[in-house]
Amino acid sequence: MIGNKDSTTQTCDTPDFRAKRKFFLAFAVVVVVLVVLGVLSLFGWLPSANFPSVSGSDWQAVFLTNNQVYFGHLTDYNKGYATLKDIFYLRAAEPLQQGATPGGPNLSLVKLGAELHGPQDLMYIPKDKIMFWESLKKDSQVVQAINGFLAQQKK
């Protein structure tokens with residue numbers, strides 16, 4: 001048997017075995033990719049098909065189904081909940097006497113967190129409660145008021 005190849009070496013070199021090995025490797029790669037995509041999807045790290053992407057540097061106005069509007073930075077919108085940070089909202093100050101202020105209530109921008117119940121400056125909003133959101137221009141009155149408030153806080 002001198003000069004003969006080992007029988008295991010012969011079976012590993014056959015075209016049939018090489019084709020099976022390529023198929024197995026391709027199948028393993030597909031399984032690994034599907035598992036990785038499943039994990040990323042489970043933790044909300046993949047873009048959502050039903051919620052457009054948000055610019056992290058812009059301020060957003062988030063309009064809810066209960067007619068409330070919040071301003072802040074919208075993040076983590078790929079999960080069942082969207083996260084709103086750096087939150088502001090509008091408060092309508094009603095006049096104390098009838099007829100004192102014609103033209104409706106006076107609106108003021110309020111930073112979330114000073115309310116009686118002391119909420120953190122973070123809000124988790126169920127995605128089905130968001131009617132729509134929009135990014136605000138840098139020269140909008142709301143963004144200017146927010147920047148003015150933040151500048152005063154730094155002093």
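Quick test for you: out of Thr83, Thr11, Thr101, pick the one residue that is touching a Pro at 6+ places or on another chain (Cβ under 9 Å) and either modelled with pLDDT under 85 or not in a loop (DSSP other than H, G, I, E, B) (or both). Quick ask: steps written out before the conclusion?
Working: Thr83 fails: touching a Pro at 6+ places or on another chain (Cβ under 9 Å); Thr11 fails: touching a Pro at 6+ places or on another chain (Cβ under 9 Å).
One residue alone meets the criteria, Thr101.
When you look at Asp121, is it over 17 Å from Ser57 (Cβ atoms) and not aliphatic (A, V, I, L, M), yes or no? Show your work before the answer.
On the way: over 17 Å from Ser57 (Cβ atoms): yes; not aliphatic (A, V, I, L, M): yes.
So Asp121 fits the description; yes.
The values are calculated or read from the model by the stated rules, or taken from the named source; none is laboratory data. Everything quoted here is computed from the prediction, not taken from an experiment. Neighbour counts are summed over all protein chains in view; Cβ atoms, including those assigned to glycine, are modelled from backbone coordinates with ideal geometry.
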